[in-house]
Every structure is written in structure tokens, then in C-alpha cells.
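Take a look at the structure below.
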Amino acid sequence: MKVAAIQMVSGTQLEANLRAARALLEQAARQGAELAVLPEYFCTMGHKDTDKLALREAHGEGVIQQFLATAARTLQMWVVGGTLPLQTTSEDRVHNTTLVFNPAGECVARYDKIHLFQFDNGREQYYESRVIEAGGTPVQFDLQARDGHSWRVGLSVCYDLRFPELYRAHARAGADLMLVPSAFTHTTGQAHWEVLLRARAIENLAYVLAPAQGGVHENGRHTWGQSMLVDPWGTVLGQQAEGEGVVVSVLDAERLRAVRQQLPALTHRVL
């Protein structure tokens, strides 16, 4: 099955971001992707954290969700909306939410980001908890490929990558593929992005697909990019450095089976 990691350099204007996302999704569809995953904050990278509040939507309605549903239906592929701001019970908080749409345009899974990024090195400061309300539940969904093979997919977002227990929970639930839509900073991405992605793939004997924001944004933020697909052996199968682009690679069910048979580490878990 072909899958696509969509890399963006999102700006502050929703309509422009959605146009860019649609063009990249169309490119993925033309290349035969059955699943395309957008990056975290694909719909907005605001000037300040509270800009997300103006774009929040109720689950099941809104411009961004309609965009995702329409893209999935018209392009006839699975579309994962990296993250978008969904309402909470608080007026000054949103969930940072991943939504999954099947080729019929139906929303079949929702994951609210569990771990909220905090970083302060004296030059850069990020405190997601100021505006984002954390989720608390790992989520998987089943994807039926065109060839009839079923893939169990585990959801995660960006900073979650530093918490291997979440990915182990996905592995225990039978995940074959783990998605990591992200907006890693240039500073942390340069140091940790690839090694963490490869580690999550290796230790869980699963594919990891990680679409990212990648470049210098309108708000001045610099994201790392390097969107990629990693196979269960830790091999990077496809990668995009900076700038907009589409990384299309292949998930091989036989390769997954062979690696797990040769190195049955998942059956050796003790703790």
C-alpha cells in the first residue's frame, strides 16, 4: 500500500493553508497513495498561541472538517488531518486533535494529543498547555487497503514521540503502522527527530509515518521538516528535507511479517 507524508510550511491564514494542503493531497493521490497524512497545525501556524481559539470547531462540523471530508471523498483515499483545534468545555482551551477520514468522507477516528510540548532554552519558549487541553486516551483504527489487507494504525502527535509507553500501548493493540504528524522545532528536530522515529519503529516492529512542518513560517517559527517513512527494521524509506512536498513510500505487509518472525521481540516482553 502506498502512503504519503505531507510536508507543509503553514502560514497564518486558514484559506491559504487549506489551498496548499489540497494541492499536496492531490499530488499524493496522483502518485497512487491510499493514505495521506497532513502535519500538525496544517491549518494554522498563528502569530500567537491564542490564535487557535478563533479557528476552533465543534467535533463533526466546521470548515476544516468539511475540507478534510471532501478531500477524502473526492480523492478516494484515507486522509488524516494532522491536527486542528477542536472545542473543549473551556473558553480559553482547545484540543489539538487528529481526525481520520475514510474514502467515503466519514470521520472514523479521533485522537486528542496527550503530551503537551514545553521547551525554554532562553531563546525559544513553547508552552502548549497555555491554550491546549490534553487528551488521555490512545487511539487506533483499522484501514482496509485496496488489496484487501487490513492495517491497524496507531495515532500520535509530535511531542508524544518522546513517550515510548504510548507507542508500546499501540503495539499491544496490534498496530502495524504508527502516525506522527508533527511541527518539531528546528532546534529539537535537528537533535532528536530521526533517532526517535527510528527508535519507535524498531522497538515496536512497526512502520512509522511522520509528516511534518518544515521551514521558516510567516510567524517567524522555524520547523525542522524531514518528513519520512521508517520501516520496522528502522530503515528510512523516504524523506523530504525542508519546504512543501509529498513523501510517497510503500508499506509492505510481507516485509512486516518477515521482520516480526525473524526477531519476535514483541512476544518477549516481560514488563
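Just so it is clear, none of the values below were taken in a lab; they were calculated from the coordinates. Remember, predicted model here, so these are calculated numbers, not experimental data. Ideal geometry is used to build each Cβ from the backbone, glycine not excepted, and the neighbour counts take in all protein chains shown.
Once backbone amide H atoms are built at 1.01 Å from N, S156 has L179 as its partners under 5 Å, excluding neighbours fewer than 5 places away on the same chain.
Apply the a/c threshold of 1.5 to the C-alpha gyration tensor of the range 114-271 and tell me whether it is rounded, prolate or oblate.
Values: a/c = 1.96, a/b = 1.54, b/c = 1.27.
Cα axes put the range 114-271 in the prolate bin.
Helical runs (DSSP H, four residues minimum) scored at -39500 (n - 2.57) apiece and divided by the length of the chain put the mean residue ellipticity at 222 nm at -8000 deg cm²/dmol.
Placing unit charges on the Cβ atoms of the charged side chains and taking the dipole of the range 2-268 about its Cα centre, the candidate lying farthest along the positive direction among L196, Y41, S249 is S249. The lysines whose alpha-carbon is closer than 22 Å to the alpha-carbon of K113, local same-chain residues fewer than 8 away aside, are K48, K52. Between V270 and E106, the contour length at 0.36 nm per residue exceeds the Cα-Cα span by 55.2 nm. Between D120 and H192, what length comes free when the chain is fully extended (0.36 nm per residue of separation minus the Cα-Cα distance, one decimal in nm)? My answer for the length gained is 24.3 nm.
Rounded to the nearest 10 degrees, the inclination of helix 253-262 to the longest alpha-carbon principal axis of the chain is 60 degrees.
Using the Karplus equation 6.51 cos²θ - 1.76 cosθ + 1.60 (θ = phi - 60°), what ³J(HN,Hα) coupling, rounded to whole Hz, does each residue of the range 74-91 give in order, writing x for Gly and Pro? Karplus values, whole Hz, x for Gly and Pro: 6, 8, 6, 8, 6, 10, 10, x, x, 8, 9, x, 10, 4, 10, 7, 9, 6.
Charge dipole of the range 68-139 (Cα centre as origin; +1 on each Lys and Arg Cβ, -1 on each Asp and Glu Cβ, all else neutral): 220 debye, rounded to the nearest 20.
Averaging over all projection directions, the Cα-based convex hull of the chain occupies 13.3 nm² in the image plane.
Is the range 136-228 rounded, prolate or oblate when judged by the Cα gyration tensor, a ≥ b ≥ c being the square roots of its eigenvalues, rounded requiring a/c under 1.5 and prolate requiring a/b larger than b/c? Can you show the working numbers first?
Values: a/c = 2.24, a/b = 1.75, b/c = 1.28.
Prolate shape, in that a/c is at least 1.5 and a/b is the bigger ratio.
Sum up the charges of everything whose Cβ sits under 12 Å from the Cβ of A21, counting Lys and Arg as +1 and Asp and Glu as -1, but leave A21 out. So the environment of A21 carries a net charge of -1. Each Lys and Arg contributes +1 and each Asp and Glu -1, all at the Cβ; summed about the Cα centre of the chain, the dipole is approximately 500 debye.
With a cut-off of 20 Å on the backbone N, the residues of the range 175-194 near the modelled label site 7 Å out from L263 along Cα-Cβ are 175-179, 193-194. Gain on full extension, evaluated as 0.36 nm per residue between Y127 and R146 minus their Cα-Cα distance, stands at 2.7 nm.
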